[in-house]
Amino acid sequence: MKYKTLYAVAIFILCLISTNSYARIKLITLPAREHIEIQLENENITIIEEERIVPLQKGNNLIDFSWHNTSIKPETIIFRVIEGKDQPRANILSVSYPPNEAALTWIIASDKNGSAIVRITYVINHLDKEYHYIAKTNADETLMDLNQYIKVINQSGEEYLNAQMNTGLAKTVSLPMRLNETQEFLNYHFENIPVDKTYTVNAAELGYRNRTQDKLNVLMHYQIHNDTQHNLGKQSLAPGKFRIYQQDKKGSLVFAGEDWGQYTAKGDKEKLYIGQARDIVVKRIIKRKNQQKINGNLKNMDILLEYTIENFKDEEVTIIIEESLEYLRNEVLPSRSQYQLLEWQVGKETNFDRKPIKERSNAQTIAYAITLPARKSGEKVVKLTKKLNINLKNEW
Amino acid sequence: MNFLPLSLCKHFFLQRGSGNKFMFDKSLISLILILLLLSVSYVFAKNIDLSTLPLRDSVQLTIYNSEDLTLVKETRQISLKNGVNRLQFSWANTQIDPTSVQLKFISHPMQMNLTNTIFPHEKPQMLYWNIQSSIETLSTIEISYFTSGISWQADYLGIIDVSGEEMALDNFVTITNLSGEDYENAEIRLVIGQINLVERINDLVRKAQQNKDLITRGKQDRLRNNLRKKEARKMMMKPSGLHVMSDMAVAAPVLESMEEEKNIAKDSLSEYTIFSIEGTENIPHQWSKRLRSSFSQAIAIETVYRYRPREYGEYLAKVFIFKNDKSAALGESPLPEGKIQLYKKNQHNSLNYIASLRLKYTSVGEKIELNSGVDRDVHFKIVNLKNWRDNIWMHYKKGNVHRRIDDGRIIVDHRSTVSGWNEHSIFVQQVRNYTDKAIQIEIRRLLYGDVMIKSQLDIKKHNYQTVEIHSKLAGGEEQELLYKTETKKGRNFKQNKVILKNQKVNYPNWSISSGL
């Protein structure tokens, strides 16, 4: 009994302390939301814009806005009165922030009695979005259908019923967001997107499939163009996971691989790594290295690289051979005394049919494209041998 | 209801004093004691008072933003008798600097004289003034002191219009009171500028507080009991023990004409600018208040994409530039440092968030540059396309001579070493504008050493080691800005410098050379 009394005293005092910070005079709390827009356009930030109709009296009005247990960033809250006919003219006189409360009070002067349309905009945390893509290619991997999905995860502590999702497109998507709810919707569907399929080898960056046999990894990529000529280009593509399915000859879908898609601006290209090709074999060997002394410690190095390429596929393919000159120098001159800027030239024994690829070649890398004929049934696979002669110059 | 249960407290203490009539659970007692001590925190506001004086008549706060410092000036009416008058002024549990308290006679300066000020040793947050008065009268005095805990911050809201060429800028000031004292009907002045303080006010307050702790340690229990009783009595008398902003406590009055925003007058004094808020404001302890200091519409803004690794980092920064002058609908006063929230209006009158940035102190006429970070719709890449060396000199140990290897007089010497050479490099700066608007870019390149830069670009020297390249791109345009450098190394090096040379640079084709 006595303990009970003492506990009661304790609780009473506790209440007394807590009420100190919570009880405030609240005059007008904001009326219900008329319209809510959730802006998902910005990559790392979600913005809420809510429209409310606030009855204002002539003179000063106090409007209370509170966000207990909601992840609103208070410094981003903006109160705007949307001007319109017959609406009162309103001035925000000041904003007061009470202690220890997620709340504020606007003092707003109005020139007459009437209802004002106001918009409150703020940045909210923990209302996140993720993009992901499902792509379906046809049997010969020339065309792709692409669906872009947006998953909205609401852990912000607030529910937004009647929310309109603005994803940067002309139309908004109506989606009620309840507390702790995750929802996904199809934001866009694109059809018949032409796909460029490429194969790439690069000993330095992509490595070897079998080092002892000098067989390189052959990586297969899809490249799509985010522009209207290629049936895309409605908006930039947000980063997200691409899952790629391919239609087999019977018409059913087979999962072909997945990759993280990068941000792709309107007009830019997206390159997706799908998987490794096993039916294309590329061997890389250093056939010759020949050091030529100029004088003292100054020397040149003549190198002959040989690529042996076989295509076991029933179709013609194009493969890109990239060579990193820095990697090559480390292979042939592992114990250089000091770092020098890489100076090299393509030697005359080189027998690639085409010129180096401009977009992929620079002071550190040279890249060539070669077309491999399809395997003909009953015949032996064609073995192509391509030589790359590199002269490393003025090394010491 | 918010009052302290005095009867319960009394009951409790009486019981405690009457010799353990009840067997208390120790933990429960300590819990109650803690809670009671917490509730005592109430007492700590409203403690600046002159013992014989009524409340303040007026109070003026001059708040500095560069230091945690506020000058408080308050006037009070005081009845003084002919002869010596002793006045007590105390400021327990506030943030007042005891060394700064000053008394001034406003109404009868000739008849009054401050004989001395006594700082009692046992009560550090208190002083006594002995005033010699030659008349008996009601007199107005001014008490001024420094306090910490009141601060003000500027912040901005920039809304860029749909075209991206104009911006509306709101400038706000937010005043926060954590001083331990409520200030009602205070005239407020805000000072922008860097003042010099040899000791921080907060440290002075803490020093006094430490002193007090030493003295009062022995008397703590008694003091707490007294405070607790005093608080309880106060609560009984007051229906609500809340901090209420007086202008919010009553329903807003209906005014004859609409109240306009308060004017914030800007004035300058020596190296400082002073913002004076019209009328008075109430700022209770722990509250913040935000007022609009200025609003400017249609400020012309320029957008420039800059590559300046030293300033912004290794990326092409999108920078908004505008001027604090009359031509840009600004320039009324310097802009104090503060956070700026940048938004862009879209076609639906909604706001898109751009960035939250820091606006530095900007004088009238000065430029404001806001770096909003990377624009992912503008690509920028610097690629080294080709390198080669020439003008190579060898150092021959025998005879200690240097010879160019291609001068025909080469001496075969296995022990000779490279002693000088020129390095040539071709670079391309690839810029692609994926937006549909024209953009301008500025690229700064730091070139170390004895360098000649060859190009036909719009290029100029920024300093002896840095060049700046300018270009304009139409919407959707892609440009390859080529340049070549020639750097003298080893014994060829003369001094760190950059020479500009107008020369066409071709994209290398890496074609097959004639061999070694």
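If only one of A:Ile303, A:Ile280 is closer than 30 Å to B:Gly420 by Cβ and surrounded by 19 or more Cβ atoms within 10 Å (Cβ to Cβ), which one is it?
Being closer than 30 Å to B:Gly420 by Cβ and surrounded by 19 or more Cβ atoms within 10 Å (Cβ to Cβ) holds for just one of A:Ile303, A:Ile280, which is A:Ile303.
Among residues belonging to the range A:58-73 that are at the interface with chain B (Cβ under 10 Å from one of its Cβ atoms) and open to solvent by 20 Å² or more (accessible area, probe 1.4 Å), point out the one that is nearest to A:Asn154 (Cα to Cα).
Among those that are at the interface with chain B (Cβ under 10 Å from one of its Cβ atoms) and open to solvent by 20 Å² or more (accessible area, probe 1.4 Å), it is A:Lys73.
If you go through the range A:152-165 one residue at a time, how many are touching a Ser or Thr at 6+ places or on another chain (Cβ under 7 Å) and surrounded by fewer than 21 Cβ atoms within 10 Å (Cβ to Cβ)?
4
Return the residues of the range B:402-415 that are among the β-branched types (Val, Ile, Thr), surrounded by fewer than 17 Cβ atoms within 10 Å (Cβ to Cβ) and within 20 Å of A:Lys393 (Cβ to Cβ); say none if nothing qualifies.
B:Ile410, B:Val412
Name the residues in the range A:195-227 that are hydrophobic (A, V, I, L, M, F, W, C) and open to solvent by 30 Å² or more (accessible area, probe 1.4 Å), would you?
Matches in the range A:195-227: A:Ala204, A:Leu206.
Which count do you get for residues in the range A:348-396 that are open to solvent by 20 Å² or more (accessible area, probe 1.4 Å), among the polar types (S, T, N, Q) and farther than 30 Å from B:Gly490 by Cβ?
Of the residues in that region, 4 qualify.
If B:Arg290 passes every condition in (1) basic (Lys, Arg); (2) buried (at least 18 other Cβ atoms within 10 Å of the Cβ); (3) more than 20 Å from the chain's Cα centre (by Cα) but one, which one does it miss?
Result: B:Arg290 fails condition (3) only.
For B:Ala328, all conditions in the list (1) under 20 Å from B:Ala355 (Cα atoms); (2) open to solvent by less than 30 Å² (accessible area, probe 1.4 Å); (3) not β-branched (Val, Ile, Thr) hold save one; what is the number of the exception?
(1)
Strands (runs of 3 or more DSSP E) wholly in the range B:416-508 with at least 3 residues that are away from chain A (no Cβ under 13 Å) - which ones?
It comes to B:439-446, B:450-455, B:458-463, B:466-473, B:478-490, B:497-502.
Working only within the range B:464-482, note down all residues that are touching a Leu at 6+ places or on another chain (Cβ under 9 Å) and either of a type in the set (A, V, I, L, M) or surrounded by fewer than 18 Cβ atoms within 10 Å (Cβ to Cβ) (or both).
Hits for the range B:464-482 are B:Gln465, B:Thr466, B:Val467, B:Ile469, B:His470, B:Gln479, B:Leu481, B:Leu482.
Condition test on B:Glu271, is it more than 10 Å from chain A (Cβ to nearest Cβ) and either open to solvent by 70 Å² or more (accessible area, probe 1.4 Å) or at pLDDT 90 or above (or both)?
The answer is yes for B:Glu271.
A:Thr350 passes all but one of (1) in contact (Cβ under 8 Å) with a residue 40 or more places away in the chain; (2) farther than 26 Å from A:Asn297 by Cα; (3) facing chain B (nearest Cβ under 7 Å); (4) not aliphatic (A, V, I, L, M); which number fails?
The single condition A:Thr350 does not satisfy is (1).
Being within 7 Å of chain A (Cβ to nearest Cβ), crowded, with 19+ Cβ neighbours inside 10 Å and at pLDDT below 80 narrows it down to one of B:Met245, B:Met258, so name that one.
The match here is B:Met245.
Residue by residue through the range A:98-121, note down the ones that are more than 9 Å from chain B (Cβ to nearest Cβ) and either surrounded by 19 or more Cβ atoms within 10 Å (Cβ to Cβ) or under 28 Å from A:Glu37 (Cβ atoms) (or both).
Of everything in the range A:98-121, those that are more than 9 Å from chain B (Cβ to nearest Cβ) and either surrounded by 19 or more Cβ atoms within 10 Å (Cβ to Cβ) or under 28 Å from A:Glu37 (Cβ atoms) (or both) turn out to be A:Glu101, A:Ala102, A:Ala103, A:Trp106, A:Ile108, A:Gly114, A:Ser115, A:Ala116, A:Ile117, A:Val118, A:Ile120.
The values are calculated or read from the model by the stated rules, or taken from the named source; none is laboratory data. For clarity, every value in this text was computed on a predicted model and none was experimentally measured. Every residue, glycine among them, receives a Cβ derived from its backbone with ideal geometry; neighbour counts consider all protein chains shown. Each accessible area value is taken on the protein alone, full model and side chains, heavy atoms only, with ligands, DNA and RNA left out. Shrake-Rupley method; radii C 1.70, N 1.55, O 1.52, S 1.80 Å.
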